Ligand code: SF4
Ligand code: SF4
């Protein structure tokens, strides 16, 4: 199951550094996850300070 980053994202970039699949990139005002690349490991959710990445 892929993760999706909500509008709560403050664009800190912490999740992108933790993703083993390089599925996270900076988007327009927030970070976004490439659903096809995401392995659903949850690492992004565990490091996010605002809980923005959530299971889709
Ligand atoms: S769930 Fe894992 S693979 Fe998917 S975006 Fe987050 S850190 Fe990357
Ligand atoms: S760690 Fe959370 S707040 Fe930071 S860029 Fe990722 S989703 Fe956004």
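Among the candidates 39, 45, 11, 16, which residue alone is in a loop (DSSP other than H, G, I, E, B) and touching a strand residue (DSSP E or B) at 6+ places or on another chain (Cβ under 9 Å)? If you could, list the steps in order and put the result at the bottom.
Numbers: 39 fails: touching a strand residue (DSSP E or B) at 6+ places or on another chain (Cβ under 9 Å); 45 fails: in a loop (DSSP other than H, G, I, E, B); 16 fails: in a loop (DSSP other than H, G, I, E, B).
Being in a loop (DSSP other than H, G, I, E, B) and touching a strand residue (DSSP E or B) at 6+ places or on another chain (Cβ under 9 Å) holds for just one of 39, 45, 11, 16, which is 11.
Only one residue in 50, 32 is in a strand (DSSP E or B) and modelled with pLDDT of 95 or more, so which one is that?
Exactly one residue qualifies, and that residue is 32.
So the check is Cβ under 9 Å with 6+ separation or different chains; which pairs have a first residue in segment 9-23 that's more than 19 Å from residue 41 (Cα to Cα) and a second one that's modelled with pLDDT under 95 and surrounded by 18 or more Cβ atoms within 10 Å (Cβ to Cβ)?
none
For a quick check of your reading of the model, give me the residue pairs whose first member lies in segment 25-41 and is farther than 15 Å from residue 7 by Cα, whose second is part of a strand (DSSP E or B), with beta-carbon atoms closer than 8 Å and at least 6 apart or on different chains.
Matching pairs, first to second residue: 34/24; 34/25; 35/4; 38/3; 40/3; 40/55.
The values are calculated or read from the model by the stated rules, or taken from the named source; none is laboratory data. Since the structure is predicted, the reported quantities are computational estimates derived from the model, not experimental observations. We place every Cβ from the backbone using ideal geometry, glycine too, and count neighbours over all the protein chains shown.
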